[in-house]
Amino acid sequence: MTKNPEQHSSRYAALSLGRGLDLRSPVLLASGTVSYGEELNMLTDLEKIGGIVTKAISPEPREGNPPQRIAETPCGMINAIGLANVGLDRFVEDKIPFLQQLDTGVIVNIAGKSIDDYCTVIERLESSEDISAYEINLSCPNVKGECMIMGVSSTATFEIISKLRTLTERHLMVKLTPNVTSISAIAIAAEDAGADSVSLINTLVGMAIDYKTRKPLLKNVTGGLSGPAIKPVALAKVWEVYNAVKIPVVGMGGISSFKDAMEFLLAGASAIQIGTMNFVDPDIGETVANAIEEFFADPVNPSLREYVGSLIVG
């Protein structure tokens, strides 16, 4: 949780996403692109943004998929990392102490093979201080037979979020996949189960091929497409979900500039996450956060609360 919310601009009064998730800026950095914060903290000022979403944590350490697991594509990248992470024990022992020093929001992304895995992580983290929220990852497209299975089913989504809701009073943000027939149906199930917000979109299933070798560029064959190429899809999904649920929407997918971020706010996102662009420009979060603050500080412009979802249609 941001430690000095009283210092925030009054025009950011809408930046409480509920249940203790109070942000100094609507800019978050997305899971999988900031590791656990240490490296990026040497390159940018993390305290100028709303917060970071950690790399996914599972009960046991994971090596992830074998390489090659990242490939560049036009206007983006495709990855099949496979939720590689240090595991719960090492996260608590080695990563939490650093995260607790940050004067910014800390949202822990959680992934697993089963409901029990998610429960195990939350039960262990409940005793750790200065965690602002949990982002429940039900939508990784490059881990076969695991969280993605739950994320494409309204029934399964409702079941797991209902269970997790009984385990914590912290903010539950549910990360949604676009690789479904109706993303709004999944969002409604999460809301009905007690989610405090939803974040979307995760990556789109994609593939890259080397025509000379006649082989896929990724060892996993398919992976998750991210970057500017997916922004139009992400905007449409954010708009759809914003009009379907009452809880806050956190938008992501191809955001690479102040302009992009503002488009997501107009489509209904109360906050945004920047992902792939962190690899290109480690300062992108701070740059966008400063530009957004300057825009809303100008009394000529509407407040953030007034701006969110104010897209003029028709």
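Kindly give the semi-axes, whole Å and largest first, of the ellipsoid equivalent to the range 51-184, taking each as the square root of 5 times a Cα gyration tensor eigenvalue.
Ellipsoid half-lengths, sorted descending, are 23, 20, 14 Å.
Return the percentage of antiparallel bridges among DSSP beta bridges fully within the chain, rounded to the nearest 5 %.
Roughly 35 percent of the DSSP beta bridges within the chain come out antiparallel.
Using a 10 Å cut-off on Cβ atoms, rank the peptides 52-60, 123-131 from the highest mean neighbour count down.
52-60, 123-131
Antiparallel versus total DSSP beta bridges in the range 101-229: what percent is that, nearest 5?
Looking only at bridges with both residues in the range 101-229, the antiparallel portion is about 35 percent.
Along the Cα-to-Cβ line of VAL300, 7 Å from the Cα, sits a label point; which residues in the range 226-266 have backbone N less than 18 Å from it?
259
Expressed in nm to one decimal, what extension gain is obtained for the pair SER182 and GLU159 from 0.36 nm per residue of sequence separation less their Cα-Cα distance?
Additional length available on full extension: 6.5 nm.
Please compute the length gained on full extension between GLU47 and LYS246, using 0.36 nm multiplied by the number of residues separating them and subtracting their Cα-Cα distance.
Once the chain is fully extended between GLU47 and LYS246, it gains 68.7 nm.
Hey, in the GNM for the chain with a 10 angstrom Cα cutoff, which one of THR166, THR276, THR104 fluctuates hardest?
Of the options given, THR166 has the highest mean-square fluctuation.
Could you tell me the distance between the Cα centroids of the range 28-44 and the range 267-312, to the nearest Å?
Between the Cα centre of the range 28-44 and that of the range 267-312, the gap is 18 Å.
Which trypsin sites (Lys or Arg not before Pro) in the range 226-313 pass both tests, a DSSP loop state and at most 10 other beta-carbon atoms within 10 Å?
Here the sparse-neighbourhood loop sites are LYS246.
Rounded to the nearest Å, what's the spacing between the alpha carbon centres of the range 145-212 and the range 64-114? Just the number, please.
Each part's Cα centre sits 17 Å from the other's.
Only the coordinates and a few stated rules stand behind these numbers; no lab work does. Just so it is clear, the structure is predicted and the values come from calculations on it, not from any experiment. Positions of Cβ are backbone-derived with ideal geometry, glycine not excepted, and every protein chain shown enters the neighbour counts.
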